[in-house]
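Below: the structure, in structure tokens.
The values are calculated or read from the model by the stated rules, or taken from the named source; none is laboratory data. Since this is a predicted model, take the numbers as computed values, not measurements. Cβ coordinates were reconstructed from backbone atoms using ideal geometry, including for glycine residues, and neighbour counts include every protein chain displayed.
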Amino acid sequence: MNTYNEQIKHLKKDKILKKVIDKVGPLETRSSSDLYLSLLKAIVSQQLSVKAADTIWNRFLKLFKDNYPEPEKLLKLKDEKLRAAGLSFQKAGYLKNIARFSIEQTLDYKKLKSKSDDELIEYLVSIKGVGRWTVEMLLMFSLERSDVFPKDDLGIQNGIKALYGITTVKRELYSDMETIAQKWKPFRTLACRYIWRYKDMNVMA
């Protein structure tokens, strides 16, 4: 695996991205190979503020011995208990779908890490309630796959449009984004993380 500094050196060949990287500074990473737990947390966190998501996630974990939602135990838990922790019935169902998939298929990353990014996305989106964007975020942040490019993410779309002066939409926008991101390969994950952080700093017009 290439070091962080090697990735930065490569990405700075893009003059615009170099300015972004210099402005933002070093980024921290928090990886986790527990794909099952990461998927559960992603579902719990959907459409919630960070604070609300953390509160509900901690309540959810406290429903289980050792604060770990073993798949078999999660499936036995009544939806009312999950509701009481702050989860909607829909999210409760999605969490149980993940638990069931973990038992019937596998979410053991040791058995899945040989899959390519696209293969892993295709595998995981077969779980009802798990979408492509969710899996891409897991690949980028939990599993630290180095070359993920979530082109459907509005933050990335708006960031690239603002930084590179793009005004196209739909298919043309995707094409323009792919062209720009081509020079970032094979480290598009880190490039996207910098664009997100740059946007969060409110320095874009």
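Tabulated data
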quantity	calculated
Boolean, ILE156 is β-branched (Val, Ile, Thr), over 22 Å from the mean Cα position of the chain (by Cα) and surrounded by 13 or more Cβ atoms within 10 Å (Cβ to Cβ)	no
Qualifying residue in the range 182-197 (condition: of a type in the set (S, T, N, Q), touching an Asp or Glu at 6+ places or on another chain (Cβ under 9 Å) and either touching a residue at least 24 places away in the same chain (Cβ under 8 Å) or farther than 17 Å from VAL20 by Cα (or both))	yes
Pair list, Cβ under 8 Å, 6 or more apart: the range 50-74 residue surrounded by 15 or more Cβ atoms within 10 Å (Cβ to Cβ), other residue among the polar types (S, T, N, Q) and assigned to a helix (DSSP H, G or I)	ALA53/SER45; TRP57/SER45; LEU61/ASN67; PRO71/SER102
Enumeration of residues in the range 95-135 that are in contact with a Lys or Arg (Cβ under 7 Å, 6 or more places away or on another chain) and either closer than 30 Å to GLU28 by Cβ or buried (at least 21 other Cβ atoms within 10 Å of the Cβ) (or both)	ASP117, ILE121, TYR123, VAL125
Residue check, GLU28 of a type in the set (Asp, Glu) and at pLDDT 95 or above	no
Hey, MET140 of a type outside the set (Asp, Glu) and within 20 Å of TYR4 (Cβ to Cβ) or not	yes
Some residue of the range 24-34 being surrounded by 13 or more Cβ atoms within 10 Å (Cβ to Cβ), over 19 Å from the mean Cα position of the chain (by Cα) and closer than 30 Å to MET177 by Cα	yes
One residue from LEU63, LEU139, LEU112 being more than 22 Å from the chain's Cα centre (by Cα) and aliphatic (A, V, I, L, M)	LEU63
Pairs, first of a type in the set (Gly, Ala, Ser) in the range 148-160, second surrounded by fewer than 20 Cβ atoms within 10 Å (Cβ to Cβ), C-beta under 8 Å, six or more apart	GLY155/TRP196; GLY155/LYS199; GLY159/TRP196; GLY159/LYS199; GLY159/MET204
Which listed residue, of GLU72, GLU119, is under 18 Å from the mean Cα position of the chain (by Cα) and at pLDDT 95 or above	GLU119
Answer from LEU143, LEU190, LEU138 - the residue that is farther than 29 Å from LYS91 by Cβ, in contact with a Ser or Thr (Cβ under 9 Å, 6 or more places away or on another chain) and crowded, with 17+ Cβ neighbours inside 10 Å	LEU190
Test result for ILE43, in contact with a Leu (Cβ under 7 Å, 6 or more places away or on another chain), closer than 30 Å to ASN97 by Cβ and not hydroxyl-bearing (Ser, Thr, Tyr)	yes
Residue in the range 159-178 that is modelled with pLDDT of 95 or more, among the polar types (S, T, N, Q) and surrounded by 14 or more Cβ atoms within 10 Å (Cβ to Cβ) present	no
